[in-house]
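The numbers here are math on the coordinates, done by the rules we state, and not lab data. Owing to the predicted nature of the structure, the values given are computational and were not obtained by experimental measurement. Reconstructed Cβ throughout: ideal geometry from the backbone, glycine too, with neighbour counts over all protein chains shown.
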Amino acid sequence: MTKLSPSSRPRILVANDDGIFSPGIKALGLALAEVGDVVVVAPDVEQSAVGHGITIRRPLRFKHTASAGFGEIPAYRVDGTPADCVVLGVHLLGRPDLVVSGINVGPNLGDDLTHSGTVAAAIEGLALGLPSIAFSARANADGEYGFAAGAAYAARLAHEVLSRGLPPRVLLNVNFPAGTPRGVRVTRVGEHRWEDSIVTRQDPEGREYHWVAGQSTAPDADDPATDYGAVAAGYVSVTPVRLDLTARDLLDEVGGYVPEV
């Protein structure tokens, strides 16, 4: 097992939720190698939409994977979640200076942040006290992705974050539009969400099974100040996300009606 070697270059841990063989993480890892000493730790299979799950009831496998195509960059696969990958990467390979997740196949906008495995890897880096960035990309009209431009931008942004740092409990969630970006906008999390529906069918033996389906909706899609609106308009969206779940403006109100024990 290769620990991150002492170096004057910053150390960068790269993870994702699409799996170690995804073209998005390969483009990202190779681009970030121009910025620092990179190590890749990613799931062995796709782990999309698993959120911030941590595996605690079974052992995890951590295996060097030269066939992933990262060249001289050490790459390891884990039979667990994106958050597991960050935990094992930090504790087994040495503490990095930056955690980067992505580039995800598909955007992570609005309410997607609550279930995204891509964002969860960055959240786990944040929980470990490390500056963290999540990157995701939108497909073009033909359902195809191009990661080169996004990876190059990711390297530039990573360099800035390594130089400047991020405030405590804040990560950056970055989404790339399809095609060549028109520019960059710093945005807020929008109202994009999925209206769930359940499709019920029968298997060949007559037993019911269920698919969770849904329709994407974004009431503020035309607002360029939101993450969804910016990406829809062809811009790179950079959203500072603070992990403080307390509704501070409601503390006094709730305190006025909760019953005593």
Express the relative contact order of the chain as a whole percentage, based on alpha carbon pairs under 8 Å and six or more residues apart in sequence. 17 percent
Estimated [θ] at 222 nm from DSSP helical runs (n ≥ 4, -39500 (n - 2.57)) normalised by residues in the chain, nearest 500: -7000 deg cm²/dmol
Give me the Debye-computed log₁₀ of I(q)/I(0) at q = 0.21 Å⁻¹ for region 77-198, equal point scatterers on Cα only, no solvent, two decimals. -1.32
Distant-in-sequence amide H partners of Ala49 (H built 1.01 Å from N, under 5 Å): Gly117, Thr118
P(r) weight above 18 Å for region 1-72, C-alpha pairs, percent: 44 percent
Nearest 5 is fine: what % of DSSP beta bridges in the chain come out antiparallel, could you say? 45 percent
Stretch gain in nm, segment Arg58-Arg169, where the contour uses 0.36 nm per residue and the Cα spacing is subtracted: 37.0 nm
Once phi for every residue in region 205-219 is put through the Karplus expression 6.51 cos²θ - 1.76 cosθ + 1.60 (θ = phi - 60°), the whole-Hz ³J(HN,Hα) values, with Gly and Pro written as x, are 9, x, 8, 6, 9, 9, 10, 8, 10, x, 10, 6, 9, 9, x
In whole Å, what are the extents of region 122-261 along the principal axes defined by its C-alpha atoms, from largest to smallest? 57, 57, 33
Putting +1 on Lys and Arg Cβ atoms and -1 on Asp and Glu Cβ atoms, find which of Gly255, Leu162, Leu126 reaches farthest to the positive end of the dipole of the chain. Leu162
Could you work out the relative contact order of region 118-173, using alpha carbon pairs under 8 angstrom and six or more residues apart, expressed as a whole percent? 48 percent
Please work out the ratio of the alpha-carbon Rg of region 80-132 to 2.2 N^0.38 Å and round it to two decimals. 1.11
Treating the Cα atoms of region 48-142 as identical point scatterers in vacuum, please give the log10 of the normalised Debye intensity I(q)/I(0) at q = 0.16, 0.22, 0.23 Å⁻¹, two decimals. -0.70, -1.22, -1.29
log10 I(q)/I(0), Debye, Cα-only region 11-50, no solvent, q = 0.14, 0.15, 0.32, 0.34 Å⁻¹? -0.28, -0.32, -1.04, -1.12
Residue span Glu144 to Thr246: 0.36 nm per residue of separation minus Cα-Cα distance leaves a gain in nm of 32.8 nm
Options Ala218, Ala141, Val199, ranked by Cα towards positive dipole end of the chain, top entry (Cβ charges): Ala141
5 angstrom amide H check on Asn16, placed H, neighbours 5+ away: Gly102
Over region 166-261, what is the relative contact order in whole percent, taking alpha-carbon pairs under 8 Å and six or more residues apart? 39 percent
Would you please report the Å³ per residue occupied by the convex hull of the alpha carbon atoms in the chain? 199 Å³
